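Bear in mind that the values in this text are calculations on the coordinates, not laboratory data. These figures come from a predicted structure and were not determined experimentally. Counting neighbours? That spans all protein chains shown, and the Cβs are built from the backbone with ideal geometry, glycine included.
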């Protein structure tokens with residue numbers, strides 16, 4: 001949970017992230033954007049693996065049918 005900590009000397013608030021490390025708002029936003037980008041990249045990798053598996057399965061079925069035609 002993020003909590004806001006105001007300091008007496010600064011007009012820029014400091015935020016505490018989950019690890020309770022003081023961060024500026026812009027640093028917190030950058031951290032969140034990086035996490036979102038990493039999540040998106042992981043989802044893309046999983047989607048690409050699924051698409052690849054489907055292509056190989058389709059090719060395997062086609063190769064099996066073709067081989068069966070030449071088996072006498």
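Listed values, structure above:
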item	result
Residue 62-residue 35 pseudo-label distance in nm [points 7 Å out on the Cα-to-Cβ vector]	4.4
Stretch gain in nm, segment residue 70-residue 48, where the contour uses 0.36 nm per residue and the Cα spacing is subtracted	4.6 nm
FRET efficiency estimate (nearest 0.05) - Cβ-Cβ, residue 55 to residue 23, R0 35 angstrom	0.20
